[in-house]
Amino acid sequence: MAIEVRIPTILRSYTGGAKAVDATGATLADLIGDLEERHPGLRERLVDDAGLRRFVNVYLNDEDVRFLGGLGTPVADGDTVTVLPAVAGGAR
Amino acid sequence: MLTISRELVDAIVAHAREDHPDEACGVVAGPEGSDRPERFVRMENAERSPTFYRFDSHEQFRVWRDMDDRDEVPVVIYHSHTATEAYPSRTDVSYASEPDAHYVLVSTASEEQQFRSYRILDGVVTEEDVKIVEAYG
């Protein structure tokens with residue numbers, strides 16, 4: 001078993017067009033490390049030195065990981081991780 | 001070019017006027033690959049701000065999952081500018097991350113209706129024509 005990671009349209013160039021890929025890890029940070037090995041370039045689109053990029057929402061099952069433990073959030077086989085681009089903007 | 005029904009244009013403009021002076025935002029979903037906006041979904045502006053908008057992350061998750069279940073995509077992503085013209089700001093461009101979406105901007109800064117549509121890809125903004133139809137053919 002593995003963890004299913006759902007990939008948004010804009011990042012599917014890293015996954016050969018796949019909408020969902022498998023990865024493993026004990027925490028979200030581990031999982032992203034594993035994703036990077038399978039799909040090089042993906043990590044940089046998700047995290048920077050400060051942690052999760054603010055342009056990106058990452059959900060564990062149906063909860064935003066910012067309300068859980070961020071990159072330290074534990075993940076387990078059978079979980080689903082969903083990545084969505086944050087939708088934001090404004091006049092300034 | 002964005003082809004959109006008058007009913008949807010009216011719904012987007014009405015939402016923008018209702019939330020003025022805060023920015024309003026939402027999406028219009030449509031069948032994947034159709035490029036046809038059909039299902040109007042107004043979203044909360046989690047920032048409740050006159051100069052910034054952000055989809056609430058939980059609401060966005062539910063709406064995106066619904067679209068996934070229905071084989072839909074966000075054909076239109078709209079928001080309003082309440083004191084400036086309907087042109088994407090630098091912030092809008094830096095966040096734009098749906099390569100296939102039409103980014104619609106409505107301005108409520110004046111009485112004159114401004115409803116404009118853009119493609120935003122890799123930081124490049126391209127305005128496109130908007131064709132308003134009574135019904136899809």
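The values are calculated or read from the model by the stated rules, or taken from the named source; none is laboratory data. Bear in mind that the values here come from a model prediction, so they are computed numbers and not experimental data. Positions of Cβ are generated from backbone atoms using ideal geometry, with glycine treated the same way; all protein chains shown enter the neighbour counts.
Quick notes on this one:
- Residue in segment A:5-22 that is surrounded by the most Cβ atoms within 10 Å (Cβ to Cβ), counting only those that are in contact with a strand residue (DSSP E or B) (Cβ under 8 Å, 6 or more places away or on another chain) and in contact (Cβ under 8 Å) with a residue 24 or more places away in the chain: A:VAL5
- The residues listed here are A:LEU28, A:LEU46, A:LEU35; of these, the one that is within 14 Å of another protein chain (Cβ to nearest Cβ) and modelled with pLDDT of 95 or more is A:LEU46.
- Residues in segment A:66-92 that are within 10 Å of chain B (Cβ to nearest Cβ) and either in contact (Cβ under 8 Å) with a residue 12 or more places away in the chain or within 21 Å of B:ASP68 (Cα to Cα) (or both): A:ARG66, A:THR82, A:LEU84, A:PRO85, A:ALA86, A:VAL87, A:ALA88.
- Residue within segment B:91-110 that is free of Cβ contacts under 8 Å to residues at least 12 places away in the same chain and more than 9 Å from every other protein chain (Cβ to nearest Cβ) present: yes
- Criterion (buried (at least 17 other Cβ atoms within 10 Å of the Cβ) and without any contact (Cβ under 8 Å) to a residue 40 or more places away in the chain) met by exactly one of A:GLU44, A:GLU63, A:GLU36: A:GLU36
- In summary, strands (runs of 3 or more DSSP E) completely within segment B:50-137 and bearing 3 or more residues that are surrounded by fewer than 19 Cβ atoms within 10 Å (Cβ to Cβ) and of a type in the set (Val, Ile, Thr) occur at B:124-128, B:130-133.
- Failed item in (1) part of a helix (DSSP H, G or I); (2) in contact (Cβ under 8 Å) with a residue 40 or more places away in the chain; (3) charged (D, E, K, R); (4) facing chain A (nearest Cβ under 7 Å), with B:GLU23 passing the rest: (1)
This table checks each residue for (1) part of a loop (DSSP other than H, G, I, E, B); (2) of a type in the set (A, V, I, L, M, F, W, C).
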| residue | (1), (2) |
| --- | --- |
| A:GLY17 | yes, no |
| A:LEU31 | no, yes |
| A:ARG43 | no, no |
| A:ASN57 | no, no |
| A:ASP77 | yes, no |
| A:VAL81 | no, yes |
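- Whichever residue in segment B:14-72 is among the aromatic types (Phe, Trp, Tyr) and farther than 20 Å from A:ASP62 by Cα and, among such residues, is nearest to the chain's Cα centre (by Cα): B:PHE40
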